[in-house]
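Working notes for the structure below.
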Amino acid sequence: MKIPSSTRRNFTAGLLGSASFWMYGGHKVWADALQSESAQSYNPKYFNHEEWLFLNAACARIFPADAHGPDAALLGAPEFIDRQMDTPYGHGELWYMSGPFKEGAPNLGYQLSLPPRDLYRQAIAAANAYVRDHHQGQTFAQLAIPEQIALLKVFEQGKMALGAVPAHTFFEQLRQNTLEGVFSDPLYGGNKGLAGWTLLGFPGARADFMDWVNQKGAPYPFGPVSISGETA
Amino acid sequence: MCAKKVDAIVIGAGWAGSILAKELTEAGLSVVMLERGDERATAVEGDYPSSIDELRGAIRHRLFQNLSQSTVTIRNTLDQEALPYRRLAAFLPGEGVGGAGLHWSGVHFRVAPDDLALRTNVVARYGKNFIPEGMNLQDYGVTYEELEPFFDKAEKVFGTSGEPYTIKGKIAGNGNRFAPDRSDVFPLPAMGEVYSASLFRSAAANVGYHPYALPAANASAQYTNPYGVQMGPCNFCGYCSGYDCYMYSKASPNVNILPALRQDPKFTLITKAHVLKVNLDADKKKATGVSYLDLRTKKQVELDADLVIISAFQFHNVHLMLLSGIGQPYDPQQNTGTVGRNFVYQTITTSRAWLSPKQYTNLFVGAGGAGVAIDDFNSMNFDHGPLGFVGGSPVWVNQAGVKPIAAATGGPGGKAPTWGEGYKEAMVDTYRHSLTIDAHGSNMAYRDVYLDLDPTYSNAYGQPLLRMTFNWKDNDIRMNQYVVGKIEPIIKAMGATKYSLGMLKDGEVFDTRRYQTTHLGGGAIMGTDPKTSCVNRYLQSWDVSNVFVIGASAFPQGMGYNPTGMVAALAYWAAYHIRTTYLKNPGPMVQA
Ligand SMILES: Cc1cc2nc3c(=O)[nH]c(=O)nc-3n(C[C@H](O)[C@H](O)[C@H](O)COP(=O)(O)OP(=O)(O)OC[C@H]3O[C@@H](n4cnc5c(N)ncnc54)[C@H](O)[C@@H]3O)c2cc1C
Ligand code: SF4
C-alpha cells in the first residue's frame, strides 16, 4: 500500500475544506496543483517512448480537460495502464486463453489470442503506421487535437483493423482502461489527488453511510478518502 | 484427511453445499466438502479498507471464477459454432469458499407459489394452446405449503430483513401483498430505504401499484442465527454485489454456516480440490465416490462415499453430471434425455430517471438486497389472457451501491456520449442525480435452449467445456417490453426531468458482453416424470439414487425472483428428506 508523501498530504490538505471545490468548482487551482505534481514524471516500465506518447494523447482525448477538471493523462491514467500491463490482468491470466481462436459474432465476446499488453503493442504500432501513411509521416501524438479525436471516432466505429486487432476492440480496451485509471483507488497510479472521485462526488473508501441512508436528496457532505487515507 | 471413504461428499462450498454439509453432519454423517477454490475468511480477505477496492474487487474479479482454468462456450442457435466465454461479463460465477454466495447481493425472496406449478396454472387459466410451440413449460412437483418451513428456516439462518404481509392468514404488516402466507415474521425488520427507493415507493403507490420493501439478507440490526453465529448491522456501505462484507452484515456461507460447521469433528473442508467427476459403479446405478484433482500437488485423488451431493452451482452441476455419465444427456433434435434440458436464465433490463439538479441520489449509498419493489406484473399476478405471453417481472429500485468505474465505463446513459466532449458533464449529472429501475423477469425454457459438452474446447484439466446454447425468445422479449411499459408512469409520477426505458428489442440476441445476472437455472431440473426431469422432487437423481443435485439447476423455468432463497429452501427440503427418509433406507425415494 502506498503511503502518501508529505508533499501530497500538504497538497490535498490545501484543497480540503473547500466545499465549493467538492461540488466541483475552482478546478483551475486544482489542475495547476496536479500539473506541478506530475512534474515528477513517471517513467513507463512497459510502454516504449512512442507508445507512451500515444497513450498520453489518447487518454486525454477520451477523458478531456474541460470546465469540470483536468484530463485523464494529468490524472495518471497512462501510468495506471502501464502498471496494469505487468499484472495477471495485463498478461491475460484472468481470461480463458486456450485455442482454437476463431472470429465470431460480436455478441459472443472477445475471441483474440492477445492479452492486453500484446493488444496494446500491436494496435498502437498499427495505429501509428496508419497515421504516418495518411498524415505525412506524423504519429498519432503529433496530430492536432481535433484530428486525434476524429481518428479515435474512426477506431470506435470499428471499420478497420489495427494489425490483428479490430479497431473497435482496441478503442474499447483503451476507453475501459482510461476510465479505470481515472476512477480507481490512487493505489494503482491513477486518480491523482482523488480528482476522478471528486468530479463524480464518490466518497471513496468511506464505506459507512449509517447516518446517510436517506437524507431526502441532500448532497453527501464529505469528500473522498482513499484506501491509504489520502483525502481531497 | 487420510480416510479413503467417508459417509458423504459435498461438491462445492457455496450456499447449497454448506447447507447440505451442515444438515448431514447434524445427522451424524462424516462429511467431506470439496471446494476447487481458495479458503476465504472475511477477517482476512474482506477486511477494511483493503476490500473497499473496486479495481481489485469487481473489476479484476477478486472473488470470481478464474476463467483461465475453466469456462463455458456459448452460441445462440443450434447451427452456430459455440465460442468460449473468455472474459467474465454476462454472469459472474464464484470460486473459493462461499462460492457466489460470498459475493452475491442479498435480495432474498421466497417463491411465487404460482411459479411452482406454472404449467398447470397456465393451462387451467388459458388452455393448453396458450403455451407457444417449442416452450417446455413444467411444474416443480413440490408445493409452497411443503416448502414453507424450509423458507422460514433459511431466512432464520440468513438473518433476513423484511416486512411481512400475512402471517398464518392474518395481515401482519405492509409487506408484499402478492407474497405467499408466512408461518412467522422475518428475523429482522425491513432495511432502511434510500432516497431513490422512497421516491419509487410513493410514485408506484400513486400510480396504483403495491410497493413493498425487498426482503434482504443484509442485517438491518445485530443478529444471532440458530447456529449461534453473529451478524453486525449493515451500514449501507454499498459493497455487497461482487464483494464480501467487512461488517459481517450480508449473509454468506462463510459468515452464517461455516463457523458452526467447522467446529464439528465429523466435517472436513478440503480447498483447492477440483472435482473431475463422480465415480459410478459398472451399471451406472450407484455412485462410489468422486475423483478430484488436488490443485496443490497436481495429483488426482479418489475418495469413496455412500452419498454424493453435487452442489457446485447451477451450470457446474450439469457439467459434472455430463462428465460423470449420470443420466441421459438431452438431445434437442430427438427431444430425448434430460441432462442439460430446460436451461434458463433471467431477463433483466434497466431504465433510468434523472431528477432535478437539487436532488442528489447518492448512488454510492446502498445495500445489495435493499430497495422497494412491485410485484403487480410478476408471475401470474396479472391477466396474461389478452397479452399472449407467459411469465412476468418484479420491478424495483435496488440501489446496491454504484461504484465509479462501473458507472463511468457504463456511460451516462440516454443519448449522451460515452467519452470525449460532453462526457464528463453528462456523467456527473447521471451519477449525482439519477436513479435506476430494473425489470427483473422470468425466462421460459425452450426445446432448443440447453446445455451439453463442447466438441472443441477443453478446460485446464483436459475435460470438455460445458456448452451453452442460449437465446432470447419472442415470449420473453414481449413480456419484458410489456412490463417496462408499466415503469413509465412510475417515472413520470416521480417528477423525473428526463428518462430512458431499457427493454429487450424484438429479435434481440443474448449478448455475453453485458452483465445481466448470475441467475442461471435449469439443466438438471426437478419434476415428477423421469422422462422430462433429471431429479425427483427431493432433488435425488432418477438414475443414480445416492446422488443429489442441489441448486438453481433444479428450476424448470427462470423465475422473476432472485434464485438464492429458493435454492436454500430446496437445499433444506432435500436435506430434511435425506435425513428422515433416505438415510433409513437408501434407494430411490420416488419410484420412476
Ligand atoms: C454479483 C452477484 C449478485 C447476486 N445477487 C443475488 C441476489 O441478490 N439474490 C439472489 O437470490 N441471488 C443472487 N446471486 C446468485 C447467488 O450468488 C447464487 O444463486 C448462489 O450463490 C448459488 O448457490 P450455490 O451453492 O448453488 O452456488 P455457489 O454459491 O456459487 O457455490 C458453488 C461452489 O462450488 C464450487 N465448485 C464448482 N465446481 C467445482 C468442482 N468441479 N469441484 C469443486 N468445487 C467446485 C465453486 O467454486 C463454488 O464455490 C448473485 C450472484 C452474483 C454473482
Ligand atoms: S451494504 Fe451492508 S451488507 Fe452490504 S457489504 Fe456493506 S455493510 Fe455489508
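Residues that are away from chain A (no Cβ under 14 Å), among the aromatic types (Phe, Trp, Tyr) and more than 16 Å from ligand 2 (Cβ to nearest atom) within the stretch B:90-132 comprise B:PHE109, B:TYR126, B:PHE130, listed in sequence order.
Would it be correct to say that B:THR528 is farther than 19 Å from B:SER379 by Cα, of a type in the set (Ser, Thr, Tyr) and free of Cβ contacts under 8 Å to residues at least 24 places away in the same chain? So B:THR528 fails the test. Residues that are without any contact (Cβ under 8 Å) to a residue 12 or more places away in the chain and part of a loop (DSSP other than H, G, I, E, B) within the stretch A:124-155 comprise A:GLN136, A:GLY137, A:GLN138, A:ALA144, listed in sequence order.
State whether one or more residues within the stretch A:158-168 are surrounded by 15 or more Cβ atoms within 10 Å (Cβ to Cβ), farther than 21 Å from B:ALA89 by Cβ, out of contact with any strand residue (DSSP E or B) (no Cβ under 8 Å at 6 or more places or on another chain) and touching a residue at least 60 places away in the same chain (Cβ under 8 Å). No, there is no match, as no residue in the stretch A:158-168 is surrounded by 15 or more Cβ atoms within 10 Å (Cβ to Cβ), farther than 21 Å from B:ALA89 by Cβ, out of contact with any strand residue (DSSP E or B) (no Cβ under 8 Å at 6 or more places or on another chain) and touching a residue at least 60 places away in the same chain (Cβ under 8 Å).
Scanning the stretch B:249-290 for residues being within 16 Å of ligand 2 (Cβ to nearest atom) and either free of Cβ contacts under 8 Å to residues at least 12 places away in the same chain or away from chain A (no Cβ under 14 Å) (or both) gives a total of 6.
Rundown of residues vs (1) closer than 25 Å to B:VAL31 by Cα; (2) surrounded by fewer than 24 Cβ atoms within 10 Å (Cβ to Cβ); (3) not small (Gly, Ala, Ser), yes/no style:
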position: B:LEU539; (1), (2), (3): yes, no, yes
position: B:VAL549; (1), (2), (3): yes, no, yes
position: B:VAL567; (1), (2), (3): yes, no, yes
position: B:LEU570; (1), (2), (3): yes, no, yes
position: B:ASN585; (1), (2), (3): yes, yes, yes
position: B:GLN591; (1), (2), (3): no, yes, yes
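Number of residues in the stretch A:190-232 that are assigned to a helix (DSSP H, G or I), closer than 21 Å to A:ILE81 by Cβ and free of Cβ contacts under 8 Å to residues at least 60 places away in the same chain equals 2. Selection of the stretch A:148-165 for residues being more than 20 Å from the chain's Cα centre (by Cα) and under 12 Å from A:ARG61 (Cα atoms) yields an empty set.
Only residues that are more than 14 Å from chain A (Cβ to nearest Cβ) and crowded, with 24+ Cβ neighbours inside 10 Å were counted across the stretch B:215-237, and they come to 3. Considering (1) in contact (Cβ under 8 Å) with a residue 40 or more places away in the chain; (2) within 22 Å of B:CYS240 (Cα to Cα); (3) at the interface with chain B (Cβ under 7 Å from one of its Cβ atoms), the lone condition that A:LEU187 does not fulfil carries the number (3).
Here B:ALA568 meets the list (1) touching a Cys at 6+ places or on another chain (Cβ under 8 Å); (2) part of a helix (DSSP H, G or I); (3) not β-branched (Val, Ile, Thr) almost entirely, failing just condition (1).
Taking the criterion of being assigned to a loop (DSSP other than H, G, I, E, B), buried (at least 22 other Cβ atoms within 10 Å of the Cβ) and away from chain A (no Cβ under 11 Å), no residue of the stretch B:414-437 qualifies. Just so you know, in the stretch B:359-370 the residues that are within 16 Å of ligand 2 (Cβ to nearest atom) and either within 7 Å of another protein chain (Cβ to nearest Cβ) or surrounded by fewer than 23 Cβ atoms within 10 Å (Cβ to Cβ) (or both) include one that is farthest from A:LEU200 (Cα to Cα), and it is B:VAL365. Looking at the stretch B:70-180, the helices (runs of 4 or more DSSP H) lying wholly inside it that each contain 2 or more residues that are hydrophobic (A, V, I, L, M, F, W, C) and under 30 Å from B:GLY12 (Cα atoms) sit at B:100-103, B:144-158. Annotation for the stretch B:438-446: no member residue is surrounded by 24 or more Cβ atoms within 10 Å (Cβ to Cβ), closer than 30 Å to A:PHE63 by Cβ and away from every other protein chain (no Cβ under 12 Å).
Restricting attention to the stretch B:25-44 and to residues that are within 15 Å of ligand 1 (Cβ to nearest atom) and more than 23 Å from the chain's Cα centre (by Cα), the residue that is nearest to B:PHE64 (Cα to Cα) turns out to be B:VAL32. All of (1) among the charged types (D, E, K, R); (2) in a loop (DSSP other than H, G, I, E, B); (3) closer than 21 Å to B:CYS240 by Cα hold for B:ARG56 with one exception: (2). Could you grab me the full set of residues in the stretch B:346-358 that are in contact with a His (Cβ under 7 Å, 6 or more places away or on another chain) and buried (at least 22 other Cβ atoms within 10 Å of the Cβ)? Listed by number, the residues that qualify are B:GLN346, B:TRP354, B:LEU355. Pairing each residue of the stretch B:482-507 that is surrounded by fewer than 19 Cβ atoms within 10 Å (Cβ to Cβ) with any residue that is among the acidic types (Asp, Glu), provided the two are 6+ apart or on different chains, yields C-beta distances under 7 Å for B:LEU501/B:GLU488.
Residue by residue, here is whether (1) surrounded by fewer than 21 Cβ atoms within 10 Å (Cβ to Cβ); (2) assigned to a loop (DSSP other than H, G, I, E, B) holds:
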{"position": "A:LEU75", "(1), (2)": "no, yes"}
{"position": "A:GLU79", "(1), (2)": "no, no"}
{"position": "A:ASP82", "(1), (2)": "no, no"}
{"position": "A:MET97", "(1), (2)": "yes, yes"}
{"position": "A:GLU103", "(1), (2)": "yes, yes"}
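Here B:VAL44 meets each of (1) without any contact (Cβ under 8 Å) to a residue 60 or more places away in the chain; (2) within 14 Å of chain A (Cβ to nearest Cβ); (3) not in a loop (DSSP other than H, G, I, E, B) with one exception, condition (2).
Scanning the stretch B:569-580 for residues that are out of contact with any Phe, Trp or Tyr (no Cβ under 6 Å at 6 or more places or on another chain) and either under 19 Å from B:SER553 (Cβ atoms) or touching a residue at least 24 places away in the same chain (Cβ under 8 Å) (or both) yields B:LEU570, B:ALA571, B:ALA575, B:TYR576, B:ILE578, B:ARG579. Criterion applied to A:LEU199, A:LEU143 was being surrounded by 22 or more Cβ atoms within 10 Å (Cβ to Cβ), out of contact with any helix residue (DSSP H, G or I) (no Cβ under 6 Å at 6 or more places or on another chain) and of a type outside the set (Val, Ile, Thr), and the one residue passing it is A:LEU199. Once the stretch B:181-210 is narrowed to residues that are outside any helix (DSSP H, G or I) and within 14 Å of chain A (Cβ to nearest Cβ), the residue that is surrounded by the most Cβ atoms within 10 Å (Cβ to Cβ) is B:VAL194. Within the bounds of the stretch B:371-387, is there any residue that is assigned to a loop (DSSP other than H, G, I, E, B), out of contact with any Gly (no Cβ under 7 Å at 6 or more places or on another chain) and within 14 Å of chain A (Cβ to nearest Cβ)? Yes.
Values in this text are rule-based calculations from the coordinates and carry no lab data. Since this is a predicted model, take the numbers as computed values, not measurements. Here Cβ is always computed from backbone atoms with ideal geometry, including for glycine, and neighbour counts include all displayed protein chains.
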